[in-house]
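Since the structure comes first, as structure tokens, the remarks are kept for the end.
The values are calculated or read from the model by the stated rules, or taken from the named source; none is laboratory data. Everything numeric in this text was worked out from a predicted model, so none of it was measured. Virtual Cβ from ideal backbone geometry, glycine too; neighbours counted across all protein chains shown. Remember, those area values only see protein heavy atoms, side chains included, never the ligands or the DNA or RNA. Shrake-Rupley method; radii C 1.70, N 1.55, O 1.52, S 1.80 Å.
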Amino acid sequence: MKTIKLGLIGLGTVGGGVVRILQEHHDDFVRDQDIDLRLVAVASRDSSEAHVLGIADIFSTDGNDIINNPEIDIVIELVGGTGAARSFVYAALEAGKSVVTANKALIAAEGHDICTLAASKGCEVAFEASVGGGIPIIGPLRHTLAGNRITSVIGILNGTTNYMLTRIDEDRLSYDAALAEAQAAGFAEFDPTADVEGADAAAKIAILGTIAYNTDIHISQVPVEGITAISPVDLDYAREMGYSIKLLGIANRTPGGIDIRVHPTMLALDHPLSSVRGVMNAIYVVGDAVGETMYYGAGAGSGPAASSVVGDLIEVARHLAYRESIAQPVWDTEALPIRSIDELITSYYLRLSVPDRPGVLATTAQVFAQHDVSIYSMVQRGVHEGCAELIYVTHAARESAIRATLAGIEKTGLLTSAPVLIRVEDAKA
Ligand code: HSE
């Protein structure tokens, strides 16, 4: 049996969960994996958690103590972000140590460079916990589904926003109350704008798209819209029409390249992703051999994320201990082009607030016609005296034509508040 020595940087929610699993299951890993996974050093800003976990004797406040410790084979980076964490990851690899990380922001921005450096040093980088918390998805995409040509990856990748949309829809909570609950429960990012404006989901779909399509996708290449413009009425209208509204990360293989984006999406109620409620995450993957698959679980939290980290640790440790070949993530072997969102063709839901008087409906309808956008369904609702909402769902149309239609409608000067546009997936139109 071989011993593999671990150093952990970052003793927050996930770090604490990793220590607990390593303590509780150490002997199982010896029995089942033939590996003595030994945590020899831990660094974090604050020592209180180390005392609670009974590891004060191996604790330091300086992450460099882990990097500079020649004993350590694998560095577990759970600091997060692209500041100090970035330096630790590069320094660990330069020092010839493999890295296990949950750092979506870093991998979505610099995964290619990090994996290239790892390969040049004969080390490994593993990041299952960077997407979907406890859901196994990087592993399946890299290994189990390798016999497929993946054609679609669609995910509910942010628990905070899925929780908020569920609470607003089912329990009539206000946006602010729903966000406050998600923050209190500890799902939300330190800066919750990363959740509600979609950056968290964008990092995750960039990583999934990269792995699924063997193409380096940088987070900056993902067009993003968050949920801040969505109102309870949109959820109501969607339901009446047979749809849920979900914040989705979408990465499709198309003849013109990779179609990748994050935005609120109307999804048929019978789509498997529509039934994913609350803080849960799910990723729907379609491959040419396997067909439809879906991976479901807790996308955040101590135990789930730690589960993915420890899974990676065991895999990397086995590679190191038994010289099983190191399978670097394939990063850019296909190098497909990324398609502009202007070329997207889908159906759209548009909600327009307008004055309720003769000619308004005709004027807006004319703008659709001018841009060759065909309307699938339309309803008008009186909101209050003299004011109405026009709810349009279009037939499949090009994003650029919808943008031009919206601009044309805004130019009429009829809108009494900002229009709401939601893309419709699996359109019945
Ligand atoms: N803030 C994230 C979420 C959790 O709400 O899903 C970690 O990625």
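Against the chain, whose longest principal axis comes from its Cα atoms, helix 104-120 is set at around 40 degrees. Taking 30 Å as the limit for the C-alpha separation, the pairs K104/K411; K121/K246; K121/K204 exceed it in the case of K104/K411; K121/K246. The angle between the Cα long axis of helix 84-94 and the longest principal axis of the Cα atoms of the chain comes to about 50 degrees, rounded to the nearest 10.
Taking K2 as the anchor, which lysines have their alpha carbon closer than 18 Å to its alpha carbon, excluding any fewer than eight residues away along the same chain? Straight-line reach from K2, under 18 Å: K97.
For the stretch 342-424, the carbon plus sulfur part of the accessible surface works out to 51%, probe radius 1.4 Å. With contacts taken as Cα pairs under 8 Å at a separation of at least 6 residues, the chain carries a relative contact order of 17 percent. When the helices in the chain are scored as -39500 (n - 2.57) per DSSP H run of 4 or longer and the sum is shared across all residues, what 222 nm value do you end up with, to the nearest 500 deg cm²/dmol? Counting only the DSSP helices, I get -11000 deg cm²/dmol. Quick check: at a probe of 1.4 Å, how many percent of the accessible area of the stretch 154-296 sits on carbon and sulfur atoms? The value for the stretch 154-296 is 53 percent carbon and sulfur by accessible area. The share of accessible area on the stretch 1-110 that comes from carbon and sulfur is 46 percent, using a 1.4 angstrom probe.
In this Cβ point-charge picture (+1 for Lys and Arg, -1 for Asp and Glu), the chain has a dipole of about 700 debye about its Cα centre. About its Cα centre, the stretch 154-296 has a charge dipole of approximately 260 debye under the convention of +1 per Lys or Arg Cβ and -1 per Asp or Glu Cβ, with nothing else charged. Considering all different alpha carbon pairs of the chain, the Kirkwood hydrodynamic radius works out to 23.0 Å. Name the shape class, rounded, prolate or oblate, that the alpha-carbon gyration tensor gives for the stretch 316-405, where a ≥ b ≥ c are the square roots of its eigenvalues, rounded holds for a/c under 1.5, and otherwise prolate holds if a/b is larger than b/c and oblate otherwise. Prolate shape, in that a/c is at least 1.5 and a/b is the bigger ratio. Quick check: the distance between the Cα centres of the stretch 92-165 and the stretch 199-217, to the nearest angstrom? Their Cα centres are 9 Å away from one another. Comparing V354, V224, V75 in a Gaussian network model of the chain (Cα springs below 10 Å), the most mobile by mean-square fluctuation is V354. Comparing P255, P358, P304 in a Gaussian network model of the chain where C-alpha atoms under 10 Å apart are linked, the largest mean-square fluctuation is found at P358.
Just checking the listed ones, T265, T412, T215: in the Gaussian network model of the chain with Cα springs under 10 Å, the one fluctuating most is T412. Oblate is the label for the stretch 44-203, because a/c, from the alpha-carbon gyration tensor with a ≥ b ≥ c as root eigenvalues, is 1.5 or above and a/b does not exceed b/c.
Just want the answer: with Cβ charges of +1 for Lys and Arg and -1 for Asp and Glu, which residue in M294, V309, S353 is farthest toward the dipole's positive end in the chain? So the residue we want is S353.
Beta bridges per DSSP, both residues in the chain: antiparallel share near 70 percent. Counting only alpha carbon atoms, the long axis of helix 13-33 and the longest principal axis of the chain meet at about 50°.
Could you provide, to the nearest whole Å², the per residue accessible area of the chain with probe 1.4 Å?
40 Å²
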